[in-house]
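The structure appears below as structure tokens.
Laboratory data are not the source of any read-out in this text; all were calculated from the coordinates shown. Note that the structure is a prediction, hence the values are computed from the model and not measured. Glycine also receives a Cβ, built like all others from the backbone with ideal geometry; neighbour counts cover every protein chain displayed.
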Amino acid sequence: MRSPRARFVFAARLTSARRGLSWSHAVKFKGLAREKPEKRIAGVTRRSRLVAGNWKMHGSRATNGELLDALLAGLPGKTGVEVALCPPYPYLQQVSERLAGTPIAWGAQNLSEHDQGAYTGEVSAAMLKELGCRYVIVGHSERRQLYGESDAQVAAKFAAAQAAGLTPIACVGETLEQREAGKTEEVVARQLRAILNKADFGAGVLAYEPVWAIGTGRNATPEQAQAVHALLRRQLSPGVRILYGGSVKAQNAAAIFAMPDVDGGLIGGASLAAKEFIEIVRSAQ
Ligand code: 13P
């Protein structure tokens, strides 16, 4: 059963298709899109780049303050690269206060698929919106593996984020076992399909994060990343940004970002070190 928003989006899409309008035009016309992540120049879609830091369960008020100061001092001004930070929930207020009025956006690492109610320990999309979040990560492999989040739940979270006006960053990725069994394509396609069956991808962001590359120091080669990004791209409209995540460091970022279907990165460990993260952002320019 589609949510009221999904039904609306579906109807709007149908109407726009009938009228011969582009989908992005229709969404904009309806006032749903807050930003346009792509530009069309001479018929070629140019996607703006995004580098997002996923702090995971790290930080303290003191270390966050130092990191934010260092990032604000060191990140290049007009880069054409959008930067976002996703701290743990308790620090969203601190981060929002420090980043308000700067070009750096912020977001959360997870949200509830429910609007409100008796869901102890959960945080809703509307709450994140109130904290000024632009982004929210959904379906990170650590959520899927450690907390048993299913494809359907991830899709529901994606839809809940969109309905509240947040931009979901949806993660897909295969385990080492699945890669070695030749199942990479099947796994990421299934994970993405679950989302597309529930919601229009709209201005959402996709992140390809091979599980075997997360926190292991073993990144996918640029060619491995490109191959998966290209097949994911085929399922999405050309303006959707697809980020790579998994052991991105200053030293390997440029080669990964040079791939035509890689539109930036979702950075874990290296986003906690200002110098590393700044170098990664520079590599995306
Ligand atoms: P690492 O960059 O630490 O490998 O983590 C990647 C990740 O999980 C980002 O969401």
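For the range 130-285, with only Lys/Arg (+1) and Asp/Glu (-1) charged at the beta-carbon, what is the dipole magnitude about the Cα centre, in debye rounded to 20?
180 debye
Can you pull the one-decimal nm distance between simple spin-label points at Leu236 and Asn197, each 7 Å off the Cα toward Cβ?
Placing both labels 7 Å along Cα→Cβ, they lie 2.0 nm apart.
In what sequence, highest mean first, do 188-198, 54-64 appear when ranked by Cβ atoms within 10 angstrom?
My ranking of the peptides, most packed first, is 188-198, 54-64.
Trp106's amide H: which non-local residues (gap 5+, or another chain) put their own amide H closer than 5 Å, with H modeled 1.01 Å from N in plane and none for Pro or chain starts?
Sorted by chain and number, the residues that satisfy this are Leu85, Arg134, Tyr135.
Just how many pairs of Lys in the range 49-283 have C-alpha atoms closer than 20 Å, counting pairs that are eight or more places apart or on different chains?
Going through the range 49-283 pair by pair, I get 8.
If the chain between Glu186 and Arg218 were fully stretched, how many nm would it gain, using 0.36 nm times the residue separation less the Cα-Cα distance?
Contour length minus the Cα-Cα distance gives 9.3 nm.
Cα centroid distance between the range 216-285 and the range 64-111, in Å?
The two parts, judged by their Cα centres, are 19 Å apart.
Just the Cα atoms of the range 183-237: what Rg and Dmax do they give in Å?
12.0, 34
Give me the number: length gained by fully extending Thr102 to Arg134, i.e. 0.36 nm times residue separation minus the C-alpha to C-alpha distance, one decimal in nm.
10.2 nm
Mean projection of the alpha-carbon convex hull of the range 179-284 over all orientations, in nm²?
In nm², the orientation-averaged hull projection of the range 179-284 is 6.7.
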